[in-house]
Number of protein chains: 2
Amino acid sequence: MKLYINAIGHYTPKEVIPNDYFKKMNGLDDEWIFKRTGIKTRVRSTEEENSNSMGIDAVKALATQYTGALEGVDLIVGATYSPYDTVLTLAHAVQREFELKGAKATTITSACSSFVNALEIAEMYIKAGKCQKALIVASECNSCYSNDVCSKSGHLWGDGAGCVVISAEKTNEKDPEIVDIISEGLGHIGQADESVYLRPANGKLEMPIGRDVFVNACTYMAKAVEDITLKNGITTDEIDYLIPHQANIRIMRNVASGLKIPEEKVVTNVDTLGNTGSASTVIGLSQIYSEVKSGSNVVFTVFGGGYSMGGVYVKF
Amino acid sequence: MKLYINAIGHYTPKEVIPNDYFKKMNGLDDEWIFKRTGIKTRVRSTEEENSNSMGIDAVKALATQYTGALEGVDLIVGATYSPYDTVLTLAHAVQREFELKGAKATTITSACSSFVNALEIAEMYIKAGKCQKALIVASECNSCYSNDVCSKSGHLWGDGAGCVVISAEKTNEKDPEIVDIISEGLGHIGQADESVYLRPANGKLEMPIGRDVFVNACTYMAKAVEDITLKNGITTDEIDYLIPHQANIRIMRNVASGLKIPEEKVVTNVDTLGNTGSASTVIGLSQIYSEVKSGSNVVFTVFGGGYSMGGVYVKF
């Protein structure tokens with residue numbers, strides 16, 4: 001059975017926060033932030049927005065562009081580590097907004113790997129024959145939990161959401177194929193238990209040991225690309241677009257250069273959006289979607305706090 | 001392909017909170033609480049405990065009782081709406097504690113339906129052939145988020161965790177078969193968006209509109225039993241143990257009496273543990289596991305805030 005992306009959409013909030021804002025918040029200046037992270041601005045939700053509302057806005061964008069794409073959706077998988085409500089979860093809020101009756105619904109977290117894990121869960125339901133058409137929505141309201149005065153990570157975070165509808169049928173001529181999805185939990189390695197955390201009952205999103213995240217992200221994001229290309233019989237040279245999790249431009253450059261993938265093939269949005277968590281890769285795909293030529297190989301690679309790795313190979 | 005439960009375990013914290021405690025907290029007395037909810041006591045974690053630590057303790061109980069049960073686990077699915085950490089999720093914390101290298105890991109929420117949804121996700125990975133052996137852990141630290149002074153729901157909540165290992169192979173002679181799992185998101189019905197919520201960035205676990213939860217739980221928990229029995233060719237008379245989500249004894253009695261299932265077949269622990277959320281059914285199964293005779297039909301039925309329904313049919 002083959003799997004296809006039938007529709008895609010994303011939403012990013014309008015408010016733009018320049019690096020200068022952090023000078024008075026956590027003492028870091030524009031030059032330092034840009035040099036160390038590649039971030040010039042990040043986007044941030046309003047007080048009325050949250051990870052549920054942004055997920056809904058991303059699905060609205062999808063539904064506007066792809067008429068009928070939500071018809072027959074029988075599985076909704078939400079992905080977020082920055083939940084608005086763990087009871088009316090992201091998936092349930094989307095189900096309510098679009099009246100997706102009869103659909104299964106659940107919302108997952110594997111931190112910044114969540115979109116890839118959610119996509120893989122949908123793959124399993126479709127391949128096992130229990131569902132036919134899935135809506136996967138990743139949405140992060142980092143600013144709902146982040147700490148602007150923290151000089152270790154306050155300046156990193158952006159907010160945003162992205163979504164796809166997938167099924168075993170092409171509904172448009174150009175629907176790309178999801179050739180493979182890989183994922184692996186890495187909770188047992190390094191300082192996965194304390195390097196980055198969001199403990200909602202006890203405080204904010206913090207990254208006290210960024211070094212451990214950086215080193216492991218570089219290692220395992222490269223490994224995810226090697227694993228998924230090797231498994232599917234393509235070389236890293238044949239990758240046309242590499243979409244890495246948008247944590248930090250230095251991680252992305254390290255991964256790409258280690259794999260000898262030229263920087264112009266690396267899709268980035270961290271410069272304008274900041275780190276939008278698990279939504280960053282699907283937003284990246286949505287941004288380039290209309291320009292990708294038939295025959296192109298697109299590879300996602302992600303690393304999540306906690307830790308996790310994952311990869312997706314999409315053939316246009 | 002058939003699926004079997006290879007191992008099971010649970011953990012409940014030692015601290016017991018009697019109804020009398022709430023007289024001074026939210027003004028409700030023992031008689032009123034017991035009459036309206038069936039709860040005499042609830043158990044509560046210490047300040048050092050949380051949903052990750054209790055999940056680990058449940059897996060320790062499983063591993064102690066079933067030697068070698070964790071060997072070869074290649075998928076860990078956590079289930080919780082009361083997360084300790086949305087980055088080092090329940091599944092990742094378990095992976096770290098037991099060094100379950102090479103396993104996929106993610107943690108889901110569908111509120112009190114989460115265990116059933118997590119079990120279904122594991123079913124999909126095994127049936128699609130991507131994993132062979134799954135550890136599913138449900139853990140709720142309601143007291144990390146609940147509000148003792150709230151007279152609408154403060155007195156309801158208990159803490160606890162339960163877990164199972166499942167695979168397509170029997171590893172013990174008596175391993176029961178998971179015959180079927182059903183689930184459905186109901187985010188679109190009733191007051192799913194406001195009747196019960198946990199919005200971690202904005203406050204505590206609250207249930208302002210218990211009436212809407214009660215009515216829909218009665219309707220859909222009965223429906224889940226009817227659906228799964230009909231689908232699998234058994235009658236409700238043939239159910240030997242009904243394990244309902246332990247929200248409230250009046251909901252459980254309403255569901256059982258509507259289906260003409262005698263009360264002695266209904267497994268309950270809400271009287272001593274309180275509402276342990278998504279962990280309540282797997283704790284219930286773990287509590288009766290050694291006494292269930294070969295040939296018995298065990299049916300779970302759950303309803304989750306937000307809303308969701310689900311059912312599991314286990315044949316011993």
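Structure values in brief
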| item | result |
| --- | --- |
| Euclidean distance between Cα centres, the range A:194-221 to the range B:84-148, Å | 20 Å |
| Listed residues B:Thr64, B:Thr272, B:Thr107, most fluctuating in chain B (Gaussian network, C-alpha, under 10 Å) | B:Thr64 |
| Dipole magnitude of the protein assembly as shown about its Cα centre (Cβ charges: Lys, Arg +1; Asp, Glu -1), debye to nearest 20 | 120 debye |
| Using alpha carbons only: equivalent-ellipsoid semi-axes of the range A:147-257, gyration tensor based, whole Å | 31, 19, 14 |
| Chain B: DSSP helices with Cα axial extent of at least 18 Å and average Kyte-Doolittle hydropathy no lower than 0.0 | B:51-65, B:114-127, B:210-231 |
| Among B:Ala222, B:Val87, B:Val266 - extreme Cα towards positive end, dipole of chain B, charges at beta-carbon | B:Ala222 |
| Within straight-line cross-link reach of B:Lys24, aspartates and glutamates at Cα separation under 16 Å, skipping those fewer than 8 residues along the same chain | B:Asp148 |
| Positive dipole terminus of the range B:177-315, leading residue within B:Gly210, B:Gly311, B:Ile239 (C-beta point charges) | B:Gly210 |
| Among A:Ile126, A:Val179, A:Pro200 - extreme Cα towards positive end, dipole of chain A, charges at beta-carbon | A:Val179 |
| Above-threshold pairs, the threshold being 18 Å between Cα atoms, out of A:Lys2/A:Lys130; A:Lys101/B:Lys152; A:Lys2/A:Lys170; A:Lys170/B:Lys127; A:Lys133/B:Lys2 | A:Lys101/B:Lys152; A:Lys170/B:Lys127; A:Lys133/B:Lys2 |
| Dipole moment magnitude, nearest 20 debye, chain A about Cα centre, only Lys, Arg, Asp, Glu C-beta charged | 220 debye |
| Along principal axes, Cα extents of chain B, largest first, whole Å | 52, 44, 37 |
| Cα-based Rg / Dmax (Å) for the range A:109-183 | 16.1, 49 |
| Ellipticity estimate at 222 nm from DSSP helix runs (n ≥ 4, -39,500 (n - 2.57)) divided over chain A, nearest 500 | -9000 deg cm²/dmol |
| Hydrodynamic radius by Kirkwood, which averages 1/r over all alpha carbon pairs of the protein assembly as shown, in angstrom | 24.2 Å |
| Gaussian network model of chain B, Cα within-10 Å springs - most flexible of B:Glu264, B:Glu48, B:Glu71 | B:Glu48 |
| Cα shape, the range B:218-298, gyration tensor, a/c 1.5 rule | oblate |
| Shielding by partners, peptide A:176-183 (average Cβ within 10 angstrom, other chains) | 1 |
| The range B:190-287: relative contact order in percent, alpha carbon pairs under 8 Å with at least 6 residues between | 22 percent |
| Extent along principal axes [Cα atoms of the range B:3-167; Å; largest to smallest] | 53, 29, 26 |
| Point-charge dipole on Cβ atoms (K/R +1, D/E -1) for the range A:177-315, about Cα centre, debye to 20 | 200 debye |
| Relative contact order of chain B, defined on C-alpha pairs under 8 angstrom at six or more residues apart (%) | 25 percent |
| Pairs of lysine residues in the range B:177-315 - Cα separation under 14 Å, sequence separation of 8 or more or cross-chain | 4 |
| Pairwise label distance in nanometres, A:Ala168 with A:Asp240, each label 7 Å out on the Cα-Cβ vector | 2.7 nm |
| Longest to shortest principal axis, alpha-carbon extents of the range A:177-315, angstrom | 48, 29, 25 |
| Ratio Rg/Rh, restricted to the range A:148-200 and using Cα atoms, in which Rh is the Kirkwood radius | 1.14 |
| A:Glu264 paired with B:Ser294, simple spin-label distance in nm, labels 7 Å along Cα-to-beta-carbon | 7.1 nm |
| Relative contact order (%) - the range A:75-189, alpha-carbon pairs under 8 angstrom, separation at least six | 28 percent |
| Neighbouring partner chain Cβ atoms per residue of B:199-206, average, 10 Å criterion | 5 |
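The numbers here are math on the coordinates, done by the rules we state, and not lab data. Nothing here was measured: the structure is a model prediction, and the numbers come from that model. Please note: Cβ atoms are built from the backbone with ideal geometry, for glycine as well, and neighbour counts cover all protein chains shown.
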